[in-house]
Every structure is written in structure tokens, then in C-alpha cells.
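Below: the structure, in C-alpha cells.
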DNA sequence: CGCGTGATTGAAACCCTTCAAGTTTAGTGG
DNA sequence: CCACTAAACTTGAAGGGTTTCAATCACGCG
């Protein structure tokens, strides 16, 4: 359909280094990063595995999620073009992955080894890489507060505003899962909203 | 009551640097960090303020929380001895604080300016400071998943296991707020648990 | 001592889940 | 390219857990 959604994303943009840093980073990536394409539905990382890879999304859409003991999926985040997806925290502590990663669309990624990321970070100004991580903390912080203080309808409306492009690219049941409600509840809630508008 | 709960916490332990780094850090802290005591109930930081301070808790207990538009409090985290409490993320982006910080007990803290933290971080190995931040990401990640997938009772039991010392130091209504439920709901839930045991 | 805050308990309302059925959509093989 | 099938979405009824509101109890602090 709209095949040229956007130009392909690049890790170098993601890192936004100074120009001389870029040269160094480019060389590192050229000799170490592997570009791979996963077809829709492929599970890239399993919960419980030991993995030391991060995935930079050039094109497509990834998802991270857990399975609880009742076998229910809980979507943790979506990773569209330009996002770096990984289970950072488990990796930093040499623990098995807490999350599954799978491809919601056919997705092309740069697979980056954890050690390479370390070297890349070494080239970035420390404050920059810190700021990047802090952004994630901020996103998570707001999500916790949302889950505690907002109704499902409010959370859905917020999702629409925050990730308008993602809404049309993932099944509703995954959005429901991200919001922490059942698919049925989301469907009814959408019905309500449509009626009122 | 049990006044000698634990020895006083120190920022140097928190940073856990190598011994030669410690000397440098010690000097920095001596000339810049201010030790302050806030009495129970004092609001140390208001939401909306621009602040560039972090608080290292030597003794006592801090809390961070938001107020929603309906005037309800939502506890984001508790900060007992040895914890670094601040609205990191807002500060890194030069945005006004999202959180209030107040003292639940009489609390002694080292007030550390953001710029000093930057210098201290400069002395730490980058990976160490990264790891510290990643721990927080992990905690938040698990909390999001808990809020999405567990019942209030399960979340309460998990809180008891994870923060056994804090339970006895804060009013129940704050625990309820942390769990994302009303004080009444927590009270009933506790009644249930007591009956079953 | 009394007042105010926190905790408890109960009843009613509400939101969301669960289960079940029916409809639409999308993907697959012939 | 159509036909078939599976998956996704919708809708409804019943049930459960949580909120809300209100009243009562317990207690610590001034």
C-alpha cells in the first residue's frame, strides 16, 4: 500500500554524533553491524534467553512483550522505524531476557552487539548517552503514573495522540494489551467514543 | 523507637568508586555538598519548579509523588536510607519537575547539585553509571508490567516482599497510592489476607 | 483531653473481565 | 482470483473487583 512510508532510518542519526565521531562510528558499524530482515510474526528474542544484542529498526515495526503465568501477553513497547529495541536492563546485569521481541511487520534491523554499543557509547559524550537513557526513564515514569491514575479511555486517547502512526499498524488487541485492558474492553470503549463524536 | 535502624548512609558508598577515585569524589563533595535536615511533612520540591538538585538520603525517608487534576496523590517511589532521590529526567531536559518530593520522616540528606553529579559521573567508569541508571529502568519496567498484569492483592504481596522495611514506616494510604488503588481497597484486601492466613 | 487524621467497614455504583456468540477481515491454498 | 479458514473485531450478559460515599472506630499530637 503506502510502501514509501518514510526513508529508511539509520543508526548514525540515532546516535547523533559530531561529524568526526561519525566517521569512527561508521567504521565500527560497517565492520560489526549486521543488517537482517525478519518476516512478520518472527520471534527475534525469547524471554529467558541470554542475549547481548540490540536491534535498530531501519524499516518495519518490532514489539516487546511478556507472557504471564496464565499465558497472557502484555505488550511493553512498540519499536517503529528509528527506534533502538532491546532488553537493555537484563543484558547489563547478565540476566536472562525478561521480554520477548517479535516483528509485527516485515522488519529490517541493524543487529548491534552489546560490546559494540559500549564502544559507540565510549565515543559519544557521556552526557548525551545519559540523556538518551533518561528519556526512557521519563517515558516509563509517565506510563506508570498513567496506569495508576487514568481510566482506560483516557489512556487510549493519550495513546492515539502520542503514537498516531502506530495505531493503524498494529492489531487492536495489541493496543489493548499495551493499555493493560482486554480486547473486548477496548472495542467497547471505541464504540462509546465513536458514538459521542 | 528503634532509633539506630542502620548506620548513616554515605554518597561515597552509593557511587562505589575505586579508591583513588574516592579521594577525588570526597573532595568534590566536601566543598560542594550541603547536608540538610527536613522535618516530617516538609515538601522539598514542588511539581512545576525548576530544580537541579538530587537528594541523597543519609537517614529518614523521602517520597516522590504527583497530583492529578482531581487533586489525588499518586506515589511514585519511596526513598529510604542510601537512595538517591531526584526528578532526574525533568532536569536532564531542562523541564519543570513532574514530581513533588517530601519527607515522610525527619530526614537528613546530602543536597547535590546537578553539575556536581555530572562531575562525579565524569570520574566514574561510564559503564558503572550506566548500569546504575539501567537498574532504574528495570525497576520501572517491572512496575509497568505489574500494573498491567497483576491484581491489587498480588501487587500488595509483592510490595511486602520487596520493601519489607518500608511497609512499617509509611501510612497505609501511601502504600495504596503506590499500588494504584484506594486506601479503602487496600484495607479490605488486607482484611481478606488476614482472614485466610 | 479532645481534635484530626488514618484505618476500617458497608452499601451502591461503575468499570472492566470473562464467557459466548456472531460478524468482519485477512491470509492461504487451490 | 476465488473460496475457504483462521484470526480479529464486535456485541451482549453476567460476574468480580475497585471506587465512591458515608459512618464508625482508633489513635497520636497538640
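What follows draws every value from the coordinates through simple rules; no lab data is involved. Quantities reported herein were computed from a predicted structural model and do not represent experimental measurements. Glycine gets a Cβ as well: all are built from the backbone with ideal geometry, and neighbour counts include every protein chain shown.
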Only listed residue being within 17 Å of the chain's Cα centre (by Cα) and farther than 24 Å from residue A:51 by Cα, chosen from A:166, A:101:
A:166
Of the residues in the stretch B:175-197, those that are within 11 Å of DNA strand D (Cβ to nearest atom), within 14 Å of chain A (Cβ to nearest Cβ) and in contact (Cβ under 8 Å) with a residue 12 or more places away in the chain come to B:177, B:179, B:180, B:181, B:185, B:186
Across the stretch B:153-174, which residue is farthest from the other protein chains (Cβ to nearest Cβ) among those that are within 10 Å of DNA strand C (Cβ to nearest atom), under 13 Å from residue B:61 (Cβ atoms) and surrounded by 14 or more Cβ atoms within 10 Å (Cβ to Cβ)?
B:170
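Which one of B:149, B:129 is closer than 27 Å to residue A:99 by Cβ, facing chain A (nearest Cβ under 7 Å) and surrounded by 19 or more Cβ atoms within 10 Å (Cβ to Cβ)?
Details: B:129 fails: facing chain A (nearest Cβ under 7 Å).
Of B:149, B:129, the one residue that is closer than 27 Å to residue A:99 by Cβ, facing chain A (nearest Cβ under 7 Å) and surrounded by 19 or more Cβ atoms within 10 Å (Cβ to Cβ) is B:149.
What number of residues in the stretch B:175-197 are near DNA strand C (Cβ under 7 Å from one of its atoms) and within 25 Å of residue B:79 (Cα to Cα)? Quick ask: steps written out before the conclusion?
Step one: filter the stretch B:175-197 for residues near DNA strand C (Cβ under 7 Å from one of its atoms), giving B:183-184, B:186-188, B:190-191.
Next cut, within 25 Å of residue B:79 (Cα to Cα) only: B:183-184, B:186-187, B:190.
Summing the residues that are near DNA strand C (Cβ under 7 Å from one of its atoms) and within 25 Å of residue B:79 (Cα to Cα) in the stretch B:175-197 gives 5.
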